[in-house]
Amino acid sequence: MSSYLRLSGINKTYGDFVALDNVNLDVAKGEFVTFLGPSGSGKTTTLMIIAGFEQATRGSVEIEGVSLSGLDPQDRNIGIVFQNYALFPHKTAADNVYFPLQMRGVKRAEGLKKAQAMLELVGLEGFAHRYPKELSGGQQQRVALARALVFEPDLLLLDEPLGALDKNLREQMQIEIKRIQRKLGVTTIFVTHDQTEAMSMSDRIVVFSKGNIEQSGPPLDIYHRPTTRFVADFIGESNLIPGHIANAAEGVVESPVLGTCRYLTNGQPSVSNGDEVAVVIRPEHMKLSRNPIEGRSNARMTIDTIVNYGDNALVIGHAGEQPIRVRVLGADVVILHEGDECCFSWTDDAVFLVTS
Ligand code: ATP
């Protein structure tokens, strides 16, 4: 991948607290990258260092090989949208969008024409003359997006821009932002702690934990091939079951809970006989039944709780001390009851291993 934006060896400390510890990242031109991670993991700090609102203690930020260090935020040609819209209350939508062009010396008539075109792109053609207080939250966020894009930034940074919106509007805006980003081809970094948002919008997800990048990859890779326990646990739901490698060449792991469990050796971390590992099986890749199912690997569990979501249900139980979570279709759940003993089953291709 040719690198457009490059973060090299970024460290950020506040007193003796290390907020970022050697963050390295390459982003390709036009890529939509999402920073995902729990609260306090360093996502916003990284974004603020790229934007120039924070200074890294060590390390560099480059766009196309040119260092941004020493440049003030307004000189970086970066568009930013925050969760709180931060529109100027006494300017109309059109004037809000014109503002960054005005700062760049663009004449009013020409600037307002561009602002108008950008408002159209974000679906606000009839709203140019309205003041922020006359716009809904979603509309204000569209104005903020138009204002961040109107000057053709090298980079678009979005810090939880949909956090204040309700669920439906949020989903609608996710689709809109993605459509606009594709159309303009602008390199984008999006910060969220909402993993469905990250999964649905990104070309690549960068998972942060405790000031480090845990894993970076396309959404489905992150989901299906987490490389650490943290990522397996944080992204989606997982069963993380302890075991040790019985035969690394043939893909066999022994686990007190699962018994002899086979896995496909392709795409797994490198392991040797005797290594302690966690076997990961996603709840939606397991099935529940009264009796063992032929052609699948089976083990027994007791059902503790059934959480019904209508179209599907999460069945939470235990096998010995090990909690087991299985997602079943709504129709299948009627034969299951809390307190029942039953079989859970899986296939070899649903098994992957994490070692760290
Ligand atoms: P959230 O999802 O809650 O926004 P985040 O992943 O964006 O979290 P950051 O805001 O980057 O996390 O914060 C990373 C860590 O740095 C946190 O532990 C935070 O308390 C700490 N931190 C951030 N700014 C400062 C500051 N000015 N002084 C001291 N510590 C700070």
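Any read-out appearing in this document is the output of simple, stated calculations on the displayed coordinates, not a laboratory observation. Keep in mind the model is a prediction, meaning the values are calculated, not measured. We place every Cβ from the backbone using ideal geometry, glycine too, and count neighbours over all the protein chains shown.
For the reader, a short list of remarks on this structure follows.
- Rounded to the nearest 20, the size of the Cβ-charge dipole of the range 5-224 about its Cα centre is 620 debye, with Lys and Arg at +1 and Asp and Glu at -1.
- Rounded if a/c under 1.5, otherwise prolate or oblate - the range 237-354, Cα gyration tensor axes: prolate
- Only Cα pairs under 8 Å and 6+ residues apart enter the sum, and on that basis the relative contact order of the chain stands at 15 percent.
- Fully extended contour minus Cα-Cα distance, from N266 to E341, at 0.36 nm per residue: 23.6 nm
- Environment charge at H224 (Cβ cut-off 15 Å; Lys +1, Arg +1, Asp -1, Glu -1): -3
- Cα gyration tensor, the range 168-327 - rounded (a/c under 1.5), prolate or oblate: oblate
- Positive minus negative residues near V253 (Lys, Arg vs Asp, Glu; Cβ under 12 Å): -4
- Sorted by Cβ neighbour density within 10 Å, fewest at the top, the residues R170, R179: R179, R170
- For E214, residues with placed amide H under 5 Å, excluding near neighbours: V207, F208, S209
- Fewest-first sequence of L158, L264, L112, L5 by Cβ atoms within 10 Å of each Cβ: L264, L112, L5, L158
- If the convex hull is drawn through the Cα atoms of the range 5-224, its volume per residue in Å³: 122
- The chain - mean residue ellipticity at 222 nm from DSSP helices (-39,500 (n - 2.57) per run, n ≥ 4, rounded to 500): -7000 deg cm²/dmol
- DSSP beta bridges confined to the chain are antiparallel in about 75 percent of cases.
- Links that overshoot a 25 Å alpha carbon limit, given the list K43/K133; K210/K287; K91/K113; K43/K114; K29/K183: K43/K133; K210/K287; K43/K114
- A Förster radius of 22 Å combined with the Cβ-Cβ distance from S136 to F88 puts the calculated FRET efficiency at roughly 0.80.
- Leading residue at positive end of dipole, the chain (Cβ point charges), from I10, G111, A56: G111
- Rounded to the nearest 0.05, the FRET efficiency derived from the C-beta distance between S356 and V66 at R0 = 41 Å is 0.70.
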